[in-house]
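Take a look at the structure set out below.
Rule-based calculations on the coordinates, nothing more; no lab input. Source: prediction; values computed, not measured. So basically every Cβ, Gly included, is an ideal-geometry build from the backbone, and we count neighbours across all protein chains shown.
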Amino acid sequence: MRIFDPHIHMTSRTTDDYRAMYDAGVRALVEPSFWLGQPRTAPASFFDYFDALLGWEPFRASQYGIAHHCALALNPKEANDPRCVPVLDALPRYLVKDSVVAVGEIGYDSMTPAEDIALATQLQLAADHGLPALVHTPHRDKLAGLHRTIDVIRESHLPPERVLLDHLNETTVKDATDSGCWAGFSIYPDTKMDEDRMVTILRTYGTEKIIVNSAADWGRSDPLKTRDVADAMLKAGFTEDDVDQVLWRNPVAFYGQSGRLQLDVDAPDPLHEGNSILRGGE
């Protein structure tokens with residue numbers, strides 16, 4: 001079984017997670033930039049973070065046979081902080097990097113005017129750079145947030161087939177699929193979806209243009225939830241080909257629109273900028 005986790009925050013995870021993910025079948029992932037929990041106070045903090053997603057994390061992933069890609073953006077929550085907004089002006093120099101396969105996470109947190117501007121600006125950046133966009137639908141007022149998101153997408157130059165609407169659930173899946181965008185579901189304990197609910201959605205809506213991720217981060221989350229969905233699908237009577245479509249071919253098709261996916265992992269380098277994944281060891 002091969003698995004592509006299309007939304008996971010490995011900066012928050014350990015090397016043991018990489019090992020467990022590989023053993024579970026994960027061979028590729030996309031790490032979107034996101035809010036770190038502690039508010040950033042200057043654009044330079046973002047730039048160091050982006051550099052880590054372009055360098056250190058691909059190095060860590062390669063030690064365990066996993067292809068690492070990223071999506072870069074000013075996230076919705078911090079779009080409300082004037083100290084962070086200059087990141088929008090600097091993004092173009094990062095979006096040309098080879099391992100950047102999307103603009104993301106963008107979207108809404110509290111549905112403020114500042115978030116409207118950041119979303120529209122970054123959809124345009126995605127269109128300008130020939131990249132798809134990973135869109136975070138809000139955790140509060142989810143259906144209203146989805147409708148507002150779809151309106152902004154329709155006003156943009158980015159076609160819906162190049163947009164992934166993420167963090168969907170039973171209340172938003174129909175409108176999301178009707179929009180022509182890809183539908184993303186985060187399997188995340190307590191606050192989002194679980195594998196059994198995901199199976200029910202797949203039975204209702206099929207396996208086309210549906211993407212499943214773990215969204216694992218610094219919260220109570222599980223980087224093996226993609227494998228749990230695969231096992232639940234097989235138990236429910238889905239075929240191995242169905243599983244491969246949802247857990248591999250769909251994310252490959254979506255992010256492949258960037259023209260930058262590299263799914264073969266070369267022999268890992270022993271060091272990254274003089275450091276190994278051992279604590280200072282070589």
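Within segment 1-31, being under 30 Å from residue 92 (Cβ atoms) and part of a strand (DSSP E or B) holds for 4, 5, 28, 29, 30, 31. In this structure, is residue 22 in contact (Cβ under 8 Å) with a residue 40 or more places away in the chain, buried (at least 24 other Cβ atoms within 10 Å of the Cβ) and touching a Phe, Trp or Tyr at 6+ places or on another chain (Cβ under 9 Å)? It is false that residue 22 is in contact (Cβ under 8 Å) with a residue 40 or more places away in the chain, buried (at least 24 other Cβ atoms within 10 Å of the Cβ) and touching a Phe, Trp or Tyr at 6+ places or on another chain (Cβ under 9 Å). Only residues that are among the hydrophobic types (A, V, I, L, M, F, W, C), in a loop (DSSP other than H, G, I, E, B) and in contact with a Ser or Thr (Cβ under 9 Å, 6 or more places away or on another chain) were counted across segment 78-98, and they come to 1. Contact map, segment 42-63: first residue within 21 Å of residue 80 (Cβ to Cβ), second residue in a helix (DSSP H, G or I) and acidic (Asp, Glu), Cβ cut-off under 9 Å, separation 6 or more or different chains; pairs are 43/89; 46/78.
Put simply, of 131, 119 the only residue that is assigned to a helix (DSSP H, G or I) and either over 19 Å from residue 211 (Cβ atoms) or touching a Ser or Thr at 6+ places or on another chain (Cβ under 7 Å) (or both) is 119.
Output yes when any residue across segment 179-199 is buried (at least 19 other Cβ atoms within 10 Å of the Cβ), in contact with a Ser or Thr (Cβ under 7 Å, 6 or more places away or on another chain) and among the basic types (Lys, Arg), and no when none is. Scanning segment 179-199, I find at least one residue that is buried (at least 19 other Cβ atoms within 10 Å of the Cβ), in contact with a Ser or Thr (Cβ under 7 Å, 6 or more places away or on another chain) and among the basic types (Lys, Arg), so the answer is yes.
Is it fair to say residue 27 is of a type in the set (Lys, Arg), within 30 Å of residue 229 (Cα to Cα) and surrounded by fewer than 23 Cβ atoms within 10 Å (Cβ to Cβ)? Taking the combined requirement at face value, the residue satisfies it. The listed residues are 93, 140, and the only one of them that is surrounded by fewer than 20 Cβ atoms within 10 Å (Cβ to Cβ), free of Cβ contacts under 8 Å to residues at least 60 places away in the same chain and under 24 Å from residue 256 (Cα atoms) turns out to be 93.
Under the condition of being small (Gly, Ala, Ser) and crowded, with 24+ Cβ neighbours inside 10 Å, which residue from segment 96-117 is nearest to residue 128 (Cα to Cα)? Looking at the filtered set, the residue picked out is 102. Candidates are the residues of segment 32-77 that are out of contact with any helix residue (DSSP H, G or I) (no Cβ under 8 Å at 6 or more places or on another chain) and part of a helix (DSSP H, G or I); the one that is surrounded by the fewest Cβ atoms within 10 Å (Cβ to Cβ) is 48. Number of residues in segment 225-242 that are within 15 Å of the chain's Cα centre (by Cα) and over 24 Å from residue 162 (Cα atoms): the value is 1.
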